[in-house]
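Report on the following structure.
The values are calculated or read from the model by the stated rules, or taken from the named source; none is laboratory data. Quantities reported herein were computed from a predicted structural model and do not represent experimental measurements. Ideal geometry is used to build each Cβ from the backbone, glycine not excepted, and the neighbour counts take in all protein chains shown.
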Amino acid sequence: MWPVVALALTLIVCFYASLVQLNGVDFWLQVKIGEIIVRENQIPTTLMFPFTEIASNKFNAHEWLASVFFYLLLGVVGEEGLPWFVALLGWVLLYLSAKLAHQRGATGPAAALGLGVLAVLTENYRHVLRPELVSALLLPMFWVQLEKFRRQPVWTHALTSSLIVVVWVNSHGSFVIALVLTSIYAIGEIVNVYFRDGGCLGTDSRQRIMHMSLLVIVHFLVSLLNPFGVNSLLFVIGFGGDPNLRLFIAEWAPTFDSRWIELPGFWIALAVWVGTVFLLLRNWRQLDAVDVLVLIFFSALAARAIRFPVYLGVMSAFLCAPHAGKYLQNLSDEKIIFQRLSVFMLALGIMVFLFGNAQGRKPHYTGVAKLSDRMIKTLENPNHSGNVLTSLELGAELIYRAYPRLRPSIDCRVDSFGFEYLLDQERLLYNDDQLLAFLQRYNVQYMLMDRARLHDAMQSGAWRADRWTVVDVDKSAIFLRRLKPEH
């Protein structure tokens, strides 16, 4: 009975914690781009949506496959079904992470299930429907195949892992993690020869090194199977190294920035990392070079920006699996293991129900960038047409709801717009002369802006309300129409 209870509680808690509304700023943009790709059978090459000259700038469409998937998904489940689908993806992550733990040697289903739960909890603070979520699922899927190839280097495992790389490189820039992981395995095999095998390069060691080295080459070559070739890799490296990211994009802010102190997910990720390191130190004699390199890589990645600790849970499932089972085996009856897991999941479920998930949110929370139903109807009104001064956060849904009748000044594709353009847009509300010149130059008829930002501009004294009339307003956004052209 206890295994059933533990599994049921685990599924319920993971589902509830993963049941979130659409609160990512880029989902609607992804859907619109996916629609264009399906309808026109080609990937957009320019920004195209804005009404300014920047519309002709190059669009880095490296997430095109995720866009197509989101568009097709929306057509199948509808807007009302999206939160439930996201919750189901929590189960998928649980299964894949538990499978990875089992593949790595977790003794018994309880250990694998428990490590799978840690992976779900660690990822949960960024569990929203966007391409990043696709990458969070592809990582354990890829890792399972990589581990299979390490133990049994046959072409089927190489092919499966390569296919995952192809999907990954066309879905999200984090595909570089797959290339790094394969390289870690190859380098780890070389290091093991010198530190574990005393420098004796036997036949088995030579074959392992050769197989993993060949797989590194294969994975790199298949990563070129995307519409942009090697430029996808160069783009990720270049954009990820831009220092402006940390200054202007919250999800790229340093992991240990003071703003994350109140984020439950930060402390969950930190606790998982500390627990993983502690367990590895207790069993340091059993570690090999791959384990150490994996820990170093994911620790460094997690420390880089707040978007990256999501991978620590999967890392923990991989690293802790061979050792966690040893402590569970000390319990004389497996029933006790499931009893303790059941108690833990029950306590966790109560906490999530009372205080929210790792984002600190409950299933009904819609986020500051989600427009209300009434605002959506207003934007879909055919009587409203023209150019709209808007924000990075609101431009995406405006495009989905009303383009080309309403055209935005900007959307969330900062990697293509560039930070200079973003800053110019941000400054408009705080410089009346520049704002007036912008309105006149582009014949801007509307403004869709988040209320907090507009209120801040009004408080600064730089924004004139007498130029505008309110069309609609909800809890997070305000839609204004320009009264008349100024001379």
Task: Near pairs, Cβ below 7 angstrom, 6+ apart or cross-chain, from region 68-97 (in contact (Cβ under 8 Å) with a residue 12 or more places away in the chain and within 16 Å of residue 137 (Cα to Cα)) to any residue that is of a type in the set (D, E, K, R) and in a helix (DSSP H, G or I) - done: 93/123
TODO: Within region 429-487, count every residue that is surrounded by 13 or more Cβ atoms within 10 Å (Cβ to Cβ), among the charged types (D, E, K, R) and out of contact with any Ser or Thr (no Cβ under 7 Å at 6 or more places or on another chain).
DONE: 5
TODO: Would you check if there is a residue in region 5-18 being touching a residue at least 40 places away in the same chain (Cβ under 8 Å) and in a loop (DSSP other than H, G, I, E, B)?
DONE: no
Task: Unique match (being modelled with pLDDT of 85 or more and either crowded, with 16+ Cβ neighbours inside 10 Å or closer than 16 Å to residue 165 by Cα (or both)) among 193, 176 - done: 176
TODO: Determine whether region 469-483 contains at least one residue that is among the aromatic types (Phe, Trp, Tyr), assigned to a helix (DSSP H, G or I) and touching a residue at least 24 places away in the same chain (Cβ under 8 Å).
DONE: no
- [ ] Residues being over 14 Å from residue 183 (Cα atoms) and surrounded by 19 or more Cβ atoms within 10 Å (Cβ to Cβ): count how many of those fall in region 142-157.
- [x] 3
- [ ] Mind telling me which of the residues 415, 424, 466 ends up being part of a helix (DSSP H, G or I), more than 25 Å from residue 252 (Cβ to Cβ) and out of contact with any Gly (no Cβ under 7 Å at 6 or more places or on another chain)?
- [x] 466
TODO: Kindly establish whether residue 268 is closer than 21 Å to residue 355 by Cβ, β-branched (Val, Ile, Thr) and in contact with a helix residue (DSSP H, G or I) (Cβ under 6 Å, 6 or more places away or on another chain).
DONE: yes
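Across region 366-383, which residue is modelled with the highest pLDDT among those that are in a loop (DSSP other than H, G, I, E, B) and touching a strand residue (DSSP E or B) at 6+ places or on another chain (Cβ under 7 Å)? Write out each step before concluding.
Let us first name the residues in region 366-383 that are in a loop (DSSP other than H, G, I, E, B), namely 366-372, 380-383.
After this cut, where a residue has to be touching a strand residue (DSSP E or B) at 6+ places or on another chain (Cβ under 7 Å) as well, the list is 368, 371.
Numbers: 368: 62, 371: 86.
Among residues in region 366-383 that are in a loop (DSSP other than H, G, I, E, B) and touching a strand residue (DSSP E or B) at 6+ places or on another chain (Cβ under 7 Å), the one modelled with the highest pLDDT is 371.
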- [ ] Could you tell me whether region 103-112 includes any residue that is touching a residue at least 40 places away in the same chain (Cβ under 8 Å), at positive phi, in a helix (DSSP H, G or I) and not aromatic (Phe, Trp, Tyr)?
- [x] yes
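Which residues, taken from region 9-63, are farther than 27 Å from residue 233 by Cβ, surrounded by fewer than 23 Cβ atoms within 10 Å (Cβ to Cβ) and β-branched (Val, Ile, Thr)?
Within region 9-63, 12, 52 meet the criteria.
Residue by residue through region 204-246, note down the ones that are of a type in the set (Phe, Trp, Tyr), more than 20 Å from the chain's Cα centre (by Cα) and either closer than 23 Å to residue 187 by Cβ or in a helix (DSSP H, G or I) (or both). Outline the logic, then answer.
Taking region 204-246 and keeping what is of a type in the set (Phe, Trp, Tyr), we get 220, 228, 235, 239.
Subset that is more than 20 Å from the chain's Cα centre (by Cα): 220, 228.
Hit for region 204-246 is 220, nothing else.
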